[in-house]
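Heads up: the structure comes next, in structure tokens.
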Amino acid sequence: MVKGGLRSYYEGCVNMARVSTIELKERKLRREKITMLTSYDYSTAAMVDEAGIDVILVGDSLGNVVLGYENTLSVTMEDMLHHTKAVTRGTKNAMVVGDMPFLSYHISCEEAVKNAGRFVQEAGAHSVKIEGGVERVDTIKAILDAQIPVMGHIGLTPQSVHKLGGFRVQGKDLETARRLVEDAKALDKAGVFAIVIECVPTELARRITEEVSVPTIGIGAGPYCDGQVLVINDMLGMFAGHIPKFVKKYADLQPIIIEALKNYKKEVEEGSFPGKEHGFTIKEEVLEKLY
Ligand code: KIV
């Protein structure tokens, strides 16, 4: 037996600081807000982790903000795994959620489990997220059976953009509002550890938050959700495309970056970069022997 018993063996092996699904559920009970942001690469993930953000979502929004697609439908499992690997290498404390891309969980439960397993086994993610409500219950149960925690996502689910008829607020009339409440309850019952609610009226998101036992994470869903998520490129002002109304820009990095790039171009062209301090020296006698 290891000195100190089995418990201390596990404490020595496992990073006890990592945010867990249990911790997130306790936060809801304690009414402490949960913070979540997306990341798609090592350096950004390391900064998000350093800032103490609880959950990092490797969102398929990478299709929009990193890969330059019009929507998320072209994003593949290979794209997601590639970026999730980079993100997990950059984190110590945050929980990493791998966003399952379009068609990776729609065909059969078997394929869904296999793909969810790849996020954990190959990319080091701690959980996965899938879009949809009642219609996803069997899939969620199958993934949970493989011991992989699942985060739900209802409201504006971007992988359904064509079915929804565009990117629009969801649940504004009685029928669709009722359906969203039913979806949230079904996900809760199926065993998800949290539910993203995207682009839903504030008071409806509040009702859903009160109705379910797991934390809700809002994006364009008002302040009453148990936590909030934003796409990092949007909130840092690093995305040139359309920015939704619900985004707050916490920085406006794009003009700063473009200014820095222009300065670099100017200094290289005029010969003031690199300076002496950016170079390396060689002994005079070595130089002399060279010719
Ligand atoms: O892909 C993504 O970034 C998301 C968030 C907007 C929740 O699903």
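What the table below lists for this structure:
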{"item": "Bridge type composition, region 132-266 - antiparallel percent by DSSP, nearest 5", "result": "10"}
{"item": "Under the Karplus curve 6.51 cos²θ - 1.76 cosθ + 1.60, θ = phi - 60°, whole-Hz ³J(HN,Hα) for region 95-112, x wherever Gly or Pro sits", "result": "7, 9, 10, x, 8, 6, x, 3, 6, 7, 9, 8, 7, 7, 4, 4, 5, 4"}
{"item": "Within-10-Å neighbourhood charge of residue 161 [Cβ basis; K, R +1; D, E -1]", "result": "+1"}
{"item": "Pairs from 163/185; 33/249; 25/189; 92/248; 129/189 whose Cα-Cα separation, in the structure shown, is over 24 Å", "result": "92/248"}
{"item": "For the chain, the longest site-free run once trypsin sites (Lys or Arg not before Pro) in DSSP loop states with at most 15 other Cβ atoms within 10 Å are removed", "result": "93-167"}
{"item": "Added length on full extension, which subtracts the Cα-Cα distance from 0.36 nm per residue, residue 46 to residue 291", "result": "83.4 nm"}
{"item": "Length gained when the stretch residue 252-residue 164 is fully extended (0.36 nm per residue, less Cα-Cα span)", "result": "28.5 nm"}
{"item": "Helix 253-270 vs. the chain, principal-axis angle (Cα, 0 to 90°, nearest 10)", "result": "20"}
{"item": "0 to 90° range, to nearest 10: angle between helix 202-211 axis and the chain longest Cα axis", "result": "70"}
{"item": "Calculated FRET value between residue 108 and residue 211, using beta carbons and R₀ = 35 Å, to 0.05", "result": "0.70"}
{"item": "Formal net charge of residues neighbouring residue 92 (Cβ-Cβ distance under 10 Å; K, R +1; D, E -1)", "result": "-1"}
{"item": "Burial ordering of 209, 281, 84, fewest other beta-carbon atoms within 10 Å first", "result": "281, 209, 84"}
{"item": "Cβ-defined net charge surrounding residue 124, 15 Å radius [Lys, Arg +1; Asp, Glu -1]", "result": "+1"}
{"item": "Sites residue 69 and residue 272 - FRET efficiency at Förster radius 51 Å, r taken between beta-carbons, to 0.05", "result": "0.85"}
{"item": "DSSP-defined antiparallel bridges as percent of all bridges, the chain, nearest 5", "result": "5"}
{"item": "Cross-link partners of residue 85 among aspartates and glutamates (Cα-Cα below 13 Å; sequence separation of 8 or more within a chain)", "result": "41, 99, 122"}
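Throughout, read-outs are computed from the coordinates displayed, never taken from laboratory work. Model, not experiment: these values are computed from the prediction. Glycine gets a Cβ as well: all are built from the backbone with ideal geometry, and neighbour counts include every protein chain shown.
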